[in-house]
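Values in this text are rule-based calculations from the coordinates and carry no lab data. What you see is a predicted model; the values in this text were computed from it and never measured. Reconstructed Cβ throughout: ideal geometry from the backbone, glycine too, with neighbour counts over all protein chains shown.
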Amino acid sequence: MRRPIVAGNWKMNTTRSEAEELVLAIRTLAAAAPTEVVICPPYVWLDLVSRALEGSNMKTGAQDVYWEESGPFTGQIAVTQLVGMCEYAIVGHSERRRLFGDTDEIVARKVVACMGAGLMPILAVGEDAEEHAAGRAEAVVRRQVATALAEVPPHPLVAAYEPVWAIGTGDAANREHAQWIATVIRDELRIAGFDPETVPVLYGGSVTPDNFPGFVAQPDIDGGLVGGASLDARKFATLVEQASTAAY
Ligand code: 13P
């Protein structure tokens, strides 16, 4: 049985004091849950958040990584610099793909780098609005997963289905569509040589406490990758509770 995961992607939000307050509130409200809780704050608060979670069973993750080990890459962060500070790293988030030029091949390099450094990649995939309207969701997700995993042997991994049109719009995917794409992801994992039953597949895109129980009730959805609702400690703790209830 796959352990549920609820990961909060804070994106480029929170001041230092807001980050401190938020992580402490989440720690208080969601501490006892059997769900794996992962907080992905901005890089600059990663150390602060990791320290605030010391002694709890909650984990931290980076929102992105760079694949080179060191060198003249102004503004980038290497996986080796993250080791010891966090356990997870999101790769392939659609905002990185869309706004910062991350191609499928770049995402693949980031997956390789994470795996080499012992960071658990959260591989984010998903079609955009145009692709969705054209009925190309399956083809796009198959290509994204296949390319991202082309260079790696089977290795622990988390996948996240985040349809671009559902992110930050309040227009979450229909749960049956998300379930179907989760099975597509598992099929691509199998083709890539992974054991698909061991890989948690998360849903992300306008997750709220109102719609989340419907997602985690799906047999192939093991939790959520949450943006906006992860900035509200009560909402986030509710999502953690809902994932635990659905799984146990
Ligand atoms: P929202 O939950 O704000 O739609 O963001 C989802 C997301 O992009 C998480 O990575």
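Only helices reaching 18 angstrom along their own axis (Cα) with mean Kyte-Doolittle hydropathy no lower than -1.0 count here, and for the DSSP H runs of the chain these are 16-30, 104-117, 175-191, 233-247. Annotation for segment 4-92: GluC sites (Glu not before Pro) lying in DSSP loop with at most 14 further Cβ atoms inside 10 Å of their Cβ are Glu54, Glu68, Glu69. Residues considered: Leu46, Leu225, Leu99. Largest GNM mean-square fluctuation over the chain, using C-alpha springs under 10 Å, is found at Leu99. Bridgeable lysines around Lys110 (alpha carbons under 25 Å apart, same-chain partners fewer than 8 residues away excluded): Lys11, Lys59. Using the Cβ-Cβ distance between Ala146 and Ala25 with R0 set to 45 Å, the FRET efficiency from 1/(1 + (r/R0)^6) comes to roughly 0.65. Take the Cβ atoms of Arg190 and Thr245, set R0 to 30 Å, and the FRET efficiency comes out at 0.55. Summing Cβ point charges (Lys, Arg +1; Asp, Glu -1) relative to the Cα centre of the chain gives a dipole of roughly 300 debye. Look at the Cα gyration tensor of the chain: its axes a ≥ b ≥ c give a/c under 1.5, and that counts as rounded.
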